[in-house]
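Some notes on the structure that comes next.
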Amino acid sequence: MRDSGISKSLVDYTTSCPECHSTHIIMDEDHGEQVCADCGLVLRENIIDESKDWRAFDSIQEEKRAHAGAPMTPLLHDKGLSTEISYGFRDYNGNTISRKNRLVVLRMRKWQYRTRAKNTAERNLMAALKQLSTIASRLGLPRNVRDDAAVIYRKAVEKNLIRGRNTESLVAASLYATCRKAWIPRTLQEIADQTSLPEKDAKRKVAKSYRFLLRVMNLQTAPPSPFDYILRYSNELELDPEVRQKTVEILRMASEKGISVGKSPLSMVAGAIYLAGKVCGKRKRQHDIVRVIGITEVSIRNRYREMEERLDLRVLEEG
């Protein structure tokens, strides 16, 4: 092998040399070149080194030595590109700000917050995204769901679909649509309960906004299925593994016989859990199921009796 005096810290075996067909390709980090180690042919040159030009051994050093700020995020109206004065009374070096200068910092922070939004539209977007983050935090939704919901709401703003409509219901509808796309088991009622809308009208308004977004933005979401909620409610009810398996089996048979068509997926799950507990001899009280799933006992009994009558329970007992 020819010794070309280059750094051999990074070897890439995925490419081959067009001259000698060798796969021993070496990256010369000092000169920004990719070289064949056998014949010395330069395959690529002027490669940009995207790695850090500094090292950090803890989080404090990394924060101080970083040359860039936080990444862009759709959860902020300006995507996080503007300057922000953080809360607290410590300077860059971590020293406490004197009492005399605290009023100056508070005044600067107030005017900086006011000037971040250039017009009424940006102020409304700022308030809407803040509501979105609040609702998502209460529900414990992951970051990718929050980002996707913010993108949906931003597109609605760009298409001028927000005018004359309730902002919070559209925010909640964006979150619900994203949960449906990501197969996250969150019901419309759960999301509506986290808003500040009137309790008696919250679900209706969010549902109306959700249908509106589906229609005008052509969102593709699959209808909710009882199988989406099994894992969540099985964990919350602390079901026995045998009862969990029997619940899935009951729901699968109900789907094959068309029992679940036109029925609420939550009522189907609740009825299947109650029926599975009865078949396995480990019955769950209807009161406990109602408390966790949030439906009425009447719905549980209706679904339970329908599945008990139309399914061949002897097959389940033999299994």
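FYI, it's all coordinate maths here, none of it is from the lab. Please read all numbers here as calculations on a predicted model, not as lab measurements. Every residue, glycine as well, gets a Cβ built from its backbone with ideal geometry; the counts of neighbours run over all protein chains shown.
Odds and ends about this structure:
- Of the trypsin sites (Lys or Arg not before Pro) in segment 230-277, the ones in a loop by DSSP (not H, G, I, E or B) with at most 13 other beta carbons within 10 Å are LYS257.
- Kirkwood Rh in Å, taken over the chain so that all alpha-carbon pairs contribute: 25.3 Å
- Distance in nm between pseudo-label sites at ALA182 and LEU214 (7 Å out along the Cβ direction from Cα): 2.0 nm
- Helix axis angle, 143-158 relative to the chain longest principal axis, alpha carbon, degrees: 90 degrees
- In plain terms, the chain from VAL42 to ARG116 could stretch by 21.7 nm, reckoned as 0.36 nm per residue minus the Cα-Cα distance.
- Alpha-carbon radius of gyration plus Dmax, which is the widest Cα pair, for segment 226-318 in Å: 11.5, 32
- Taking amide H positions as modeled 1.01 Å from N, with prolines and chain starts lacking one, no residue 5 or more places away or on another chain lies under 5 Å from LEU161.
- Considering only alpha-carbon pairs that sit under 8 angstrom and 6 or more positions apart, the relative contact order computed for segment 120-217 is 29 percent.
- Acute angle (nearest 10 degrees) that the helix 99-115 long axis makes with the longest principal axis of the chain, alpha-carbon atoms: 70 degrees
- Using distinct alpha-carbon pairs, which all enter the 1/r mean, Kirkwood radius of segment 163-319 in Å: 16.7 Å
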